[in-house]
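Everything on this sheet refers to the single structure shown next.
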Amino acid sequence: MFTLFAAPGSCSRVPLITLEEAGADYKLELVRFMQGAHKQPDYLALNPKGKVPCLVTETGPITENVAIALFLASQFDGLLPKASSARDAVLITADLAFCSATLHPIVSRMRVPMFMVEGPEATASVKAKAIEAMHPMAAVVETALDGKDWWFGDTWSILDAYIYWVFFRINGGGFPTDQYPNWAAHAKRMDARPAVRRALAKEADMQAALEAEGLAPKMG
Ligand SMILES: N[C@@H](CCC(=O)N[C@@H](CS)C(=O)NCC(=O)O)C(=O)O
């Protein structure tokens, strides 16, 4: 049994979808950002970085989306392609790192510039720069999806959950996703997956709980 510490709309959506796709036995723990729950000692004992996601396993917590993805892929079949060489294996890691270390920081600048700079002019400027920076990266995703249903071809993988979350964040962040039809069509295919629907329903429940408690942050 795993426990996933998560917040609705955040990048914990990636392991949430993954756990659903895997059919894993897991419990979801809502992290109340507005209460600063992620900076409290009990949470910091699990994840000293004070961020979601954190996946608690029988052998202890795992943080960082890339590590959680690689761990879950080692426990369940069908989450990432089977690498047939050392190079293949690191190329899969490179793709995950592209999402976490290249795309995600641009998403943050686009959606939460107010956490980085003060004042409306500076935040507008950071956001505009993020939109500019996202275009060439969106082109990489667009090319990768050319003629394919999923990132690795015919078979769904965690990479698809990751780019789906990025699409969701930039789509609501003023980025012209309509310029990237392969990525938009990919998001629609994701929307239709039963596991994705279950994951989003669980997020909706978490969001409703936050709203009932007056603790629903406006993401971006
Ligand atoms: N490198 C981390 C990034 C995690 C991250 O930035 N999580 C955000 C949500 S998308 C968070 O917890 N933000 C709260 C905060 O920084 O206070 C990963 O890939 O898991």
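The values are calculated or read from the model by the stated rules, or taken from the named source; none is laboratory data. Treat the numbers as computed from the prediction; the structure is a model and nothing was measured. Cβ placement follows ideal geometry from the backbone for every residue including glycine, while neighbour counts extend to all protein chains displayed. We work out accessible area using only protein heavy atoms, side chains counted, and drop any ligands, DNA or RNA first. Shrake-Rupley method; radii C 1.70, N 1.55, O 1.52, S 1.80 Å.
Return yes when Pro61 is in contact with a strand residue (DSSP E or B) (Cβ under 7 Å, 6 or more places away or on another chain), within 15 Å of the ligand (Cβ to nearest atom) and at negative phi and no when it is not. Considered against the rule, which asks whether it is in contact with a strand residue (DSSP E or B) (Cβ under 7 Å, 6 or more places away or on another chain), within 15 Å of the ligand (Cβ to nearest atom) and at negative phi, Pro61 comes out as yes.
Specify which of the listed residues (Leu91, Leu55) is free of Cβ contacts under 8 Å to residues at least 60 places away in the same chain, outside the structural domain of Gly173 (by TED's automatic domain parsing) and not basic (Lys, Arg). Talk me through it step by step, then tell me what you get.
On the way: Leu91 fails: outside the structural domain of Gly173 (by TED's automatic domain parsing).
Just a single option satisfies the conditions, and that option is Leu55.
Do we find that Ala45 is small (Gly, Ala, Ser) and within 15 Å of the ligand (Cβ to nearest atom) in this structure? Quick ask: steps written out before the conclusion?
Numbers: small (Gly, Ala, Ser): yes; within 15 Å of the ligand (Cβ to nearest atom): no.
It is false that Ala45 is small (Gly, Ala, Ser) and within 15 Å of the ligand (Cβ to nearest atom).
Counting residues that are under 12 Å from Ala6 (Cβ atoms), over 16 Å from the mean Cα position of the chain (by Cα) and modelled with pLDDT of 95 or more, which strands (runs of 3 or more DSSP E) fully inside segment 25-81 reach at least 1?
Details: elements: 26-30, 54-57, 60-63.
In segment 25-81, 26-30, 54-57 are the strands (runs of 3 or more DSSP E) which contain 1 or more residues that are under 12 Å from Ala6 (Cβ atoms), over 16 Å from the mean Cα position of the chain (by Cα) and modelled with pLDDT of 95 or more.
Given the structure, is Phe167 of a type in the set (Phe, Trp, Tyr) and either over 25 Å from Arg198 (Cβ atoms) or surrounded by fewer than 20 Cβ atoms within 10 Å (Cβ to Cβ) (or both)? Steps first, answer last, please.
Working: of a type in the set (Phe, Trp, Tyr): yes; either over 25 Å from Arg198 (Cβ atoms) or surrounded by fewer than 20 Cβ atoms within 10 Å (Cβ to Cβ) (or both): no.
Taking the combined requirement at face value, the residue does not satisfy it.
Within segment 64-108, if we keep just the residues that are over 18 Å from Thr18 (Cβ atoms) and within 12 Å of the ligand (Cβ to nearest atom), the residue that is surrounded by the most Cβ atoms within 10 Å (Cβ to Cβ) turns out to be Val107. Can you tell me which residues in segment 170-210 are at pLDDT below 95, open to solvent by 50 Å² or more (accessible area, probe 1.4 Å) and more than 25 Å from Glu21 (Cβ to Cβ)? Within segment 170-210, Gly174 is the sole residue that qualifies.
Within segment 110-125, the set of residues being surrounded by 18 or more Cβ atoms within 10 Å (Cβ to Cβ) and more than 12 Å from the ligand (Cβ to nearest atom) comprises Met110, Pro113.
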